[in-house]
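A short write-up of the structure that comes next.
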Ligand code: NAD
């Protein structure tokens, strides 16, 4: 099948080309994000392949469908960037990669927690400059600390498992309880209870209307002073301006982010020669207790190879008229 692959980097090509040896699709790579303005590039293609910062809203879906696209194959688990109702209206099928390596994201999450706690990012810079002072690098034992996990699906459950090994006390909030977490002895509590009792709060729920800005001025107010907040899920779970106010007041003691609500204008590109126009993001970078990575939690060899294989299998299944176990639809969202 002829597939227009958007937002491609060298690593996407490498892993997709390797996996495509057995699928034989005609993959045409485009560097730009998929959005209304670039959707004409896909004219004459039956499928597009998109990533997390592509904006597949209703006008984009319309233009894709007008140009002959019948399948949107996401190289991601999250699908909050696709207007599923518009896709349904135009008979365009959407498939995704529901799980590739939850270990990658869980391990990166714990990496952020440890780096922030022990200030490894700061000591790295100091030592390179011949500054061996440890003033200001004081951390705390993870053992015995209370960690609140919001969303105990595949990734949240793995984070729980790792932190259980550290001897943390674990609390969880989810709309469903996960038997694997319950077996670890994790206590499910209400969100206000989790916020009030946790020294570290880590977000692993999907971005949906119900979870948009789940961390806001009010919920930040319910947290312990000096709390560590981690988000490797989706940027808009946090109201960034409220988080900045909480950093200034000392309510947030540590903030670790792999995602940011306006990241589509920043992440995955080298902007080091440009003036960043996003003042909110730039303010975040001024805090010594904020550690940001540019949406790289998923970025392991294992994950990229699994994403490529599942994406191409999704496309092959569609081409052969097989049932699409990784399809996402408005109906699925409601179930
Ligand atoms: P999952 O579907 O296995 O788990 C999500 C969990 O969130 C489920 O247990 C679900 O019940 C729960 N949930 C749903 N609504 C909720 C609510 N209102 N409040 C609390 N919990 C709620 O998903 P996953 O594979 O564990 O991924 C979690 C998120 O991580 C994804 O949605 C995605 O946005 C993000 N992610 C980020 C990266 C990255 O590179 N940073 C990579 C992959 C996934």
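The values are calculated or read from the model by the stated rules, or taken from the named source; none is laboratory data. Computed from a predicted model, the values in this text were never measured in an experiment. Backbone-built Cβ (ideal geometry, glycine too); neighbour counts: all protein chains shown.
Okay, here's what the table says:
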quantity	calculated
Where residue 245 falls short, out of the listed (1) closer than 30 Å to residue 97 by Cβ; (2) surrounded by fewer than 20 Cβ atoms within 10 Å (Cβ to Cβ); (3) assigned by TED's automatic domain parsing to the domain that holds residue 140	(1)
Verdict on residue 324 being more than 16 Å from the ligand (Cβ to nearest atom), part of a loop (DSSP other than H, G, I, E, B), assigned by TED's automatic domain parsing to the domain that holds residue 72 and closer than 28 Å to residue 103 by Cα	yes
Filter pass, residue 191 being under 25 Å from the mean Cα position of the chain (by Cα), surrounded by fewer than 22 Cβ atoms within 10 Å (Cβ to Cβ) and within 10 Å of the ligand (Cβ to nearest atom)	yes
Condition broken by residue 197, with the remaining ones in (1) away from the ligand (no atom under 12 Å from the Cβ); (2) without any contact (Cβ under 8 Å) to a residue 40 or more places away in the chain; (3) farther than 22 Å from residue 258 by Cα satisfied	(2)
Flag if residue 203 is near the ligand (Cβ under 9 Å from one of its atoms), under 22 Å from residue 112 (Cβ atoms) and in contact (Cβ under 8 Å) with a residue 24 or more places away in the chain	yes
Of residues in the range 228-245 being away from the ligand (no atom under 12 Å from the Cβ) and closer than 22 Å to residue 210 by Cβ, the one nearest to the chain's Cα centre (by Cα)	238
Residue within the range 297-304 that is under 23 Å from residue 208 (Cα atoms) and out of contact with any helix residue (DSSP H, G or I) (no Cβ under 9 Å at 6 or more places or on another chain) present	no
Any hit, the range 55-62, residues being over 24 Å from the mean Cα position of the chain (by Cα) and away from the ligand (no atom under 11 Å from the Cβ)	yes
